[in-house]
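The values are calculated or read from the model by the stated rules, or taken from the named source; none is laboratory data. Small disclaimer: the values here were computed from a predicted structure and weren't measured. A quick note on method: Cβ atoms are made from the backbone with ideal geometry, for glycine too, and the neighbour counts reach across all protein chains shown. Just the protein is used for accessible areas: all its heavy atoms, side chains included, with ligands, DNA and RNA removed. Shrake-Rupley method; radii C 1.70, N 1.55, O 1.52, S 1.80 Å.
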Amino acid sequence: MTALPGIGALPYGVFSTADDPHRRTGVALGDQIIDLPAAVRRLDPSLAAAVAGPTLDALLAAGPATWSALRASLITWVTDEAHRELLPLVPAADAVMHLPFTVADYVDFYASEQHATNLGRILRPGQEPLTPNWKHLPIGYHGRAGTVVVSGTDIVRPSGQRPGGVFGATQRLDIEAELGFVVGTPSTLGQPVPLTAFDQHVFGVCLVNDWSARDIQAFEYVPLGPFLGKSFATSVSPWIVPLAALDHARVAPPVREVPLAPYLDDEKAEPWGLDVRLEVRLNGHVVSSPLFAGMYWTGAQMLAHLTVNGASLRTGDLFASGTISGGSPGSLIELSWNGREPLRLPDGSTRSFLEDGDEVVISATAPGPDGTPILLGEVRGRVTPAAL
Ligand code: CA
């Protein structure tokens, strides 16, 4: 059973059907999808240009005034019976979901104190687990946009060089459960984006599985950071939940223990912590339930940091939070403590890292209006044998 985002979320995606194979934009509504171009033609042609095309790119680029207008219209259409009867609906079970937007640049952060602390303890035992920079800035790196794939895409086990320069298929294939932020409005080269402009630029969020080959990563990452151990595939959920749907999920971030540079100081800013609760399933068994709410760095701080040097934003930029390990860890390297304490699954098997044929599903919920949780959908992927 595929978890679909709920009515409160009204998230956007791109779908096709066997009857009508052209890709078009849609909105999830329970177990159905609103055919967005058809709905707009019928109910509000002024929005036609924003929802046209085989991706969400035009909507992302249209900016916050259009995002608000479209969401307000959608809320009217789904709650008012006379409008609802006119909505062109497609059963979600009949739809194939596609990568919802053209990914421009992809950046991955490292914003969970619990994850960074666990990794520090595992990889650098006996030393201070957090590096000296960690509480001064959200650490990140530029990833590979061209290998961001939609949920359901098989993940071919990558090959590369493991410690000692031994070539072969990774023996330590891992997951990273993350939240991704999708940029709509571009910014100007040379002009940093302040914390207060976060929701003017970011359209919404998706779920991310940042697949990681720990042995390849361990051998290659010094001194320039992750490369082939990460770039083979990054999976995203097909539904982009607009920021406006997360109004009820906003919470204060943790207390800042180190004074922050002015561009990151959010003490007096609107809070951008998010009470998003994830669930990680391995072959159908829940292995972890990470919580986003305690993330040390917020999405607004990540955006302010990645532009503070004047780097510009493009429509379709994706930046992810890094592994979410509050509550419980969002990666197998932490869950199995680097293989020392393998997970025992209810079917009797054990796992330290992923085996061929394993399927991982990450889903999430957040508080919605009236205390009803909204579903953020899911990101799913199955491991297939190595090509080399
Ligand atoms: Ca990551």
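Report whether or not ASP80 is of a type in the set (D, E, K, R) and farther than 27 Å from PRO253 by Cβ. In short, yes.
In region 123-152, the residues that are touching a residue at least 12 places away in the same chain (Cβ under 8 Å) reach residues that are small (Gly, Ala, Ser) and open to solvent by 50 Å² or more (accessible area, probe 1.4 Å) with C-beta atoms within less than 8 angstrom, at least six apart or across chains, in these pairs: LEU123/ALA218.
Looking only at region 252-261, decide whether some residue is within 16 Å of the chain's Cα centre (by Cα), of a type outside the set (S, T, N, Q) and in the same structural domain as THR117 (by TED's automatic domain parsing). No, because not a single residue in region 252-261 is within 16 Å of the chain's Cα centre (by Cα), of a type outside the set (S, T, N, Q) and in the same structural domain as THR117 (by TED's automatic domain parsing). From the list VAL51, VAL96, the lone residue that is among the aliphatic types (A, V, I, L, M) and buried (at least 17 other Cβ atoms within 10 Å of the Cβ) is VAL51.
Taking residues in region 210-227 that are at positive phi, and partners anywhere that are within 15 Å of the ligand (Cβ to nearest atom), the pairs with Cβ atoms closer than 6 Å and at least 6 places apart or on different chains are GLY225/TYR141. Hey, does region 345-359 have a residue that's assigned to a strand (DSSP E or B), touching a Gly at 6+ places or on another chain (Cβ under 7 Å), more than 23 Å from THR153 (Cβ to Cβ) and away from the ligand (no atom under 16 Å from the Cβ)? So far as region 345-359 goes, no, none of its residues is assigned to a strand (DSSP E or B), touching a Gly at 6+ places or on another chain (Cβ under 7 Å), more than 23 Å from THR153 (Cβ to Cβ) and away from the ligand (no atom under 16 Å from the Cβ).
If you go through region 157-178 and pick out every residue that is of a type in the set (Gly, Ala, Ser), more than 15 Å from the ligand (Cβ to nearest atom) and touching a strand residue (DSSP E or B) at 6+ places or on another chain (Cβ under 7 Å), you end up with 4. Identification of strands (runs of 3 or more DSSP E) wholly contained in region 153-200 with 2 or more residues that are of a type in the set (A, V, I, L, M) yields 166-169, 177-183. Considered as a group, the residues in region 318-328 that are within 13 Å of the ligand (Cβ to nearest atom) and under 17 Å from TYR296 (Cβ atoms) include one that is surrounded by the fewest Cβ atoms within 10 Å (Cβ to Cβ), and that residue is SER325. Considering (1) closer than 25 Å to SER288 by Cα; (2) open to solvent by less than 10 Å² (accessible area, probe 1.4 Å), the lone condition that VAL183 does not fulfil carries the number (1).
Taken together, ASP215, ASP210 contain a single residue that is touching a helix residue (DSSP H, G or I) at 6+ places or on another chain (Cβ under 9 Å), among the charged types (D, E, K, R) and within 15 Å of the ligand (Cβ to nearest atom), which is ASP210.
Quick check, is VAL280 open to solvent by 10 Å² or more (accessible area, probe 1.4 Å) and of a type in the set (A, V, I, L, M)? Spelling it out, it is not the case that VAL280 is open to solvent by 10 Å² or more (accessible area, probe 1.4 Å) and of a type in the set (A, V, I, L, M).
Any residue at all in region 234-245 that is open to solvent by 10 Å² or more (accessible area, probe 1.4 Å) and within 16 Å of the ligand (Cβ to nearest atom)? For region 234-245, residues open to solvent by 10 Å² or more (accessible area, probe 1.4 Å) and within 16 Å of the ligand (Cβ to nearest atom): absent. Step by step: first the residues of region 91-148, then only those that are assigned to a strand (DSSP E or B) and more than 13 Å from the ligand (Cβ to nearest atom), then the one that is farthest from GLN32 (Cα to Cα). Which residue is that? Taking the candidates together, the pick is HIS98. Within region 283-298, can you find the residues that are buried (at least 17 other Cβ atoms within 10 Å of the Cβ), in contact with a Leu (Cβ under 9 Å, 6 or more places away or on another chain) and part of a loop (DSSP other than H, G, I, E, B)? Scanning region 283-298 gives ASN283, PRO290, PHE292, ALA293, MET295, TRP297, THR298. Among the residues here, THR25 does not qualify as open to solvent by less than 40 Å² (accessible area, probe 1.4 Å), outside any strand (DSSP E or B) and either more than 21 Å from VAL379 (Cβ to Cβ) or touching a strand residue (DSSP E or B) at 6+ places or on another chain (Cβ under 8 Å) (or both). From the list SER312, SER363, which one is open to solvent by 10 Å² or more (accessible area, probe 1.4 Å) and part of a strand (DSSP E or B)? Unique residue meeting the criteria: SER363.
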